[in-house]
Amino acid sequence: MTDTLFSKIINREIPADIVYEDDLCLAFHDITPQAPVHILIIPKQAIVKIADAAESDQSLLGHLLLKARVIAKEQGYEDAFRLVINNGSAAGQTVFHLHVHILAGRQFNWPPG
Ligand code: AMP
């Protein structure tokens, strides 16, 4: 996998407003927030998109979701938040390093558009 913006953030080659880090993942504020809280949580292991994840990534993917829950709670949104994973350009993915958007702090509509 080629270097992306997000691998550069992991390697501290470009700055980010980091809110959480452990051996497996990193979470930081989105540079163009779409809600009062908009945080991205990414695996340190480079997975291009969720469609490329393997069975062996099961615990890593679970880790991302469970940490997303903790981060939403820490931001003050235990009960109402939205998690989004865009997979592929047609679905809105622009950075090709798997990431989960954590959005909170406003009303969210459905369908998402
Ligand atoms: P997606 O469109 O699902 O691939 O999401 C990519 C997200 O990365 C967008 O919400 C961008 O605003 C965000 N983004 C792009 N560059 C940066 C950056 N340098 N730091 C933080 N977030 C970024």
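The values are calculated or read from the model by the stated rules, or taken from the named source; none is laboratory data. This one's a predicted model, so the numbers in the text were calculated from it and none came from an experiment. As a convention, Cβ positions derive from the backbone with ideal geometry for all residues, glycine included, and neighbour counts pool all protein chains shown. For the accessible areas, the whole protein counts, side chains as well, though only heavy atoms, and no ligand, DNA or RNA atoms are used. Shrake-Rupley method; radii C 1.70, N 1.55, O 1.52, S 1.80 Å.
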Name the pairs: first residue in the range 74-101 and without any contact (Cβ under 8 Å) to a residue 40 or more places away in the chain and among the aliphatic types (A, V, I, L, M), second residue in a helix (DSSP H, G or I) and within 12 Å of the ligand (Cβ to nearest atom), Cβ to Cβ under 6 Å, at least 6 apart or on different chains? 85/50
Residue within the range 90-105 that is among the aromatic types (Phe, Trp, Tyr) and open to solvent by less than 60 Å² (accessible area, probe 1.4 Å) present: no
Test result for residue 70, open to solvent by less than 60 Å² (accessible area, probe 1.4 Å) and within 14 Å of the ligand (Cβ to nearest atom): no
Of all residues in the range 76-109, which are within 26 Å of residue 45 (Cβ to Cβ), assigned to a loop (DSSP other than H, G, I, E, B), hydrophobic (A, V, I, L, M, F, W, C) and more than 9 Å from the ligand (Cβ to nearest atom)? 81, 98
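Please verify whether residue 58 is without any contact (Cβ under 8 Å) to a residue 60 or more places away in the chain and open to solvent by 90 Å² or more (accessible area, probe 1.4 Å), treating the condition exactly as stated.
Values: without any contact (Cβ under 8 Å) to a residue 60 or more places away in the chain: yes; open to solvent by 90 Å² or more (accessible area, probe 1.4 Å): yes.
So residue 58 fits the description; yes.
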Return the residues of the range 20-51 that are open to solvent by less than 50 Å² (accessible area, probe 1.4 Å), more than 10 Å from the ligand (Cβ to nearest atom) and either in contact with a helix residue (DSSP H, G or I) (Cβ under 9 Å, 6 or more places away or on another chain) or in a helix (DSSP H, G or I) (or both); say none if nothing qualifies. 22, 25, 26, 27, 37, 41, 43, 47
Would you call residue 72 more than 13 Å from the chain's Cα centre (by Cα) and of a type in the set (A, V, I, L, M)? no
